[in-house]
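Remarks on the structure that follows.
The values are calculated or read from the model by the stated rules, or taken from the named source; none is laboratory data. Keep in mind it's a predicted model, so treat the numbers as computed, not measured. Cβ: placed from backbone, ideal geometry, glycine included. Neighbour counts: every protein chain shown. For the accessible areas, the whole protein counts, side chains as well, though only heavy atoms, and no ligand, DNA or RNA atoms are used. Shrake-Rupley method; radii C 1.70, N 1.55, O 1.52, S 1.80 Å.
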Amino acid sequence: MNTELYQILHIADSAFPIGGYAYSNGLEYAVKSGIISDVKGLNQYLKDYLHQIIKFDMAFVKEAYEAEAEELPHLCESYDVMLLNPAIKKAGVVLGKNWKRAIKQLHGEDVALWPVENTEPDFLIIFGYTCKLLGYSLENVCILYLFMIVRDQLSAIIRLGTLGPSQGHKMQSDLLKELEESFTIDQIPSVEQAYKCTYIVEMAQLSHKYLYTKLFQN
């Protein structure tokens, strides 16, 4: 039996209780403000968003996976310094707490999830570190993180009524197929070389806090 596969499928389920599927990362604002006005624009927005995830967020996921416990405080500080969006930081801390609680409930005291006192880790850092403790390969951790990102964005857009479920899942399938054909771990930069360059995504995320949201957690 492929135990790791079963565990990953469990975590990848949108019903896994961390709440990521309920946070649109600015996508709802992008739709409401007209930044995204059609399916073609949505598809391009998601591709830009994924590029930003690979070149910034996943640098910290990978570094956290490879880090020793004593290196984690510095990694958290590096992320805080480079993150300019308070709303995304707040959401990341909430998701990190939810992740830690959910994994603790599953594994009890078997996994010492976060060895750093007085530090609330962002989701992507505790995600990378705990997945290593759980015995997942780095490749599977990267694939799982990208899948969750795509899943959460499409879940939000379907619940907003912008796309129907069939359209949304077709788009998700196409995006994941493109990632399968083009993405390699070598594309993930080091934390020192991590960058963001998709300004329209940043604008949507920064402006989202002023939106009266339809989604139940934003």
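Structure values in brief
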{"read-out": "Whole-percent carbon and sulfur share, accessible surface of the stretch 1-122, 1.4 Å", "value": "52"}
{"read-out": "Qualifying GluC sites (Glu not before Pro) for the stretch 1-102 [loop in DSSP, other Cβ within 10 Å: at most 13]", "value": "Glu68"}
{"read-out": "Residue-normalised accessible area of the chain, expressed per residue, 1.4 Å probe, Å²", "value": "51"}
{"read-out": "Cα Rg, Dmax (largest Cα-Cα span) when computed across the stretch 17-114, Å", "value": "16.2, 48"}
{"read-out": "Förster radius 22 Å - calculated FRET efficiency between Tyr195 and Ser14 (Cβ-Cβ, nearest 0.05)", "value": "0.15"}
